[in-house]
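Let me begin by presenting the structure, written as structure tokens, before commenting on it.
We did not get these values from a lab; they are worked out from the coordinates using the rules stated. The shown structure was predicted, so the numbers you read here are calculated from the model rather than taken from an experiment. Glycine gets a Cβ as well: all are built from the backbone with ideal geometry, and neighbour counts include every protein chain shown.
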Amino acid sequence: MLFVLLLLCHFALAQEKKRTAENPPPQKQDAKNEKPAAPAEKKLEPKVIQRKLRARTDLTTEKLPLQEVVKKLSEFHEIPIRLDKEALKKANVALDAPVTVNIQNYTLSAALKHILKDFGLHFGVVDGAVVISNMPPEPEEQAVVADVAVVEEARVVQQMGVNEAQQLQQTPQYQALLRAELNFAKHACQATPEQMQALRDELDHANKNQQNQNQPQPNAGARNRVVVRRQAVQGQAGDPLQLARNQLAGAVKKCLSAEQAARFQEELDQRTADGRRSAALNLVARLDREMILSATQRDQITESLLAHWNDAWCSSLQMFMYNDQFFPAIPDAHVVKFLNETQKKIWVTIPKNQGQMFFNGFMGGIFGEEVLWNEDEDAPVKQKEVKTEQ
Amino acid sequence: MHSRLTTMTLTFLLLRRVLLAIAVLALAGGAAVARAQDDEEVEDIPQAEVQQQFVVADENFDQWVFGGRGNAAAIRKRFDSQLVLQVEELERMCGISEVQKKKLHLAGRGDIKRLFDQVEELRKKFQLVKNDQNKFNEFWQDVQPFQVVFSQGAFGPGSFFDKTLKNTLSSEQSASFQAADRERRAFQYRSTVEAVIGMLDQVMSFRADQRHKLVDLLVERKKLPRAFGQYNYYLVLYQLSQLQEEKLKEFLDEPQLKAMHKVFNQVRGYEPFLKSNGYLPEVEL
């Protein structure tokens, strides 16, 4: 069902994009003799600014001066954005500092943050306009910007189809994943029973801290949800598997010797390498089915993909299982030079997917909520012993 | 127990397609729903009118039959290119003559024509049932074989191309072709095996040597699916459940084995589905 939800969201997003492309925002119809105010000179209501900061932005620039980039964004979104020249001087940032970005489907707020972070600059809302300076916004303004960020993330989550119920359902699965990972650490690091207990204690401690941090605070409910969901969107800590692995990696560093931690890291690196190889092989297998590659071509393309591998190409191996048309937006340069003319014609017709999917449970949940791993070889026995002693 | 699991599995696999259909239907009806929510007053709608609201948009047909590969014209063009590539490949591997090439092109074009003629027949049927919920269910049964064909390709077993290939090639050419075909199938199979073990690793937390041994165990069996398509991943899971327990015990931990048994108990139920879709029985590499 999650697959369908994701599909729906992906499709809906595509439709929204299409609609936007077909119906660009209407130009302002000002009176004939009235010179329209330049966007940078206008003043807008805070609510209007918030709305505009949430609008979607695509921007590609190659060494374009910063002030030109700001002007572009200001004109496109019809929002006053000013550069505080004095503040820029203090920050040693020239107005024509070159900006090279390629952002797709960012909100204006996220786009600004992305562009400004490299210069150590910030933006805030001052007197009906967005002002870029070297100072973080005042708390009041920050609230406006933060609210915008909250809505941004919530929107992204909506697109990903992750909801509260699913987050809650992850709990037993998460425990099972953690048990499996503990077993992995035990054997990979040849940890002693005492070290394993230390790892468990450290994980318990980390979990409790996490729970405390997630306790609802006044006026912070939305932000808490956003934190959890942002992680899910990134496929990082919100993904129970990644969360379990990250937590364990932290605990291993704290509780085991440097040599054991190095062995653990070696295993993790091998796991990453195997995952990439597997994804590359499956991509080439897809191309092979479409283009009847020769054995040499299969090898060449596999090698090329691995040499230039980008994890964003395949966030999950389940993509292959659930979407037999999945093929990511791999740059032509890594593939086309190995193809013949007929194959090149097919290459251009293969739809390249941009979206990411978030899968819940083993192989996308085909085993429902069943917890596959109930065993923790040492822990239950030890708990029983403690109870008996008491 | 097994029959229940089989039913569940089949239900899952088939429902996946049906849910996709429902998703598209839901999207098709989305505008109407949004409008109703925007209106403050909701009128009572007569029952007869409600029943007439079952409408499936024409564009859904291509999505279901071709599975997101594009429209009929685009796929036909792609099949044409694939036919050219197939024959070029045979020429490289077996040195086929001009007469053989012509025969194969003719057979391949025949396959493409026959397939798209059948698609057009199905499209006509769709036009008749798209507003009739009861008949639509029957139509849906007819869609599924097309999904399999478009997933597995136009020139597979049973096609004119395949038959012509068998009748046209000399024994020497045939041996060369089969060697290259085996190599291709072995590559396809290995990629699937590595993906399945990678996915399994997400709940079993294998160590590198365990992952590699599992891949080797499956690959060394040299038993491939009879057909290659989107359910290869399920086939490999099924094959995994057929491995000898003793071999697994040699390198898996006790807790891992217990968790694996839970997976095996379920995937053994895939057998009838895999048979009916042509993935089983396996073929020797």
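State, to one decimal in nm, how far the label point of A:ALA295 lies from the label point of A:ALA87, with both points 7 Å from Cα in the Cβ direction.
Label-label distance for A:ALA295 and A:ALA87, simple model: 6.4 nm.
Could you order peptides B:112-121, A:277-286, A:249-258, A:65-74 by the average number of other Cβ atoms within 10 Å of their residues, highest first? Display every interim value, and only then the final one.
Working: B:112-121: 14.5, A:277-286: 22.7, A:249-258: 16.4, A:65-74: 18.3.
The peptides rank, most packed first, as A:277-286, A:65-74, A:249-258, B:112-121.
Tell me, what does the Kirkwood hydrodynamic radius of the stretch B:92-131 come to in angstroms if you use every pair of distinct C-alpha atoms? Numbers along the way, then the final one.
Details: mean 1/r = 0.0806 Å⁻¹.
It works out to 12.4 Å.
Return the Cα extents of the stretch B:171-284 along principal axes one, two and three, sorted largest first, each rounded to a whole Å.
51, 31, 23
On a C-alpha basis, how far is the centre of the stretch B:172-222 from the centre of the stretch A:188-203 in Å? Whole number, if you could?
35 Å
Which of the peptides B:67-79, B:222-234 is most tightly packed, and how do the rest follow, judged by the mean count of other Cβ atoms within 10 Å per residue? Write out the running numbers ahead of the final one.
Numbers: B:67-79: 16.4, B:222-234: 20.6.
Descending packing order for the listed peptides: B:222-234, B:67-79.
Counting alpha carbon pairs within less than 8 Å and at least 6 residues apart, what relative contact order, in whole percent, applies to the stretch B:143-285? Intermediate values should be presented prior to the final figure.
Numbers: 97 pairs, mean separation 41.0, N = 143.
Worked out over the stretch B:143-285, it gives 29 percent.
Any idea what the dipole of the stretch B:171-284 comes to, in debye rounded to 20, about its Cα centre with Lys/Arg Cβ at +1 and Asp/Glu Cβ at -1?
Values: 17 positive and 16 negative charges, 50 e Å.
About 240 debye.
For the stretch B:237-279 and the stretch A:74-123, write down the distance between their C-alpha centroids in whole Å.
55 Å
Specify, per residue and in Å³, the volume enclosed by the convex hull of the alpha carbon atoms belonging to the stretch B:70-169. All intermediate terms of the calculation are to be shown ahead of the outcome.
Numbers: hull volume 9.5 nm³, N = 100.
Residue-normalised Cα hull volume stands at 95 Å³.
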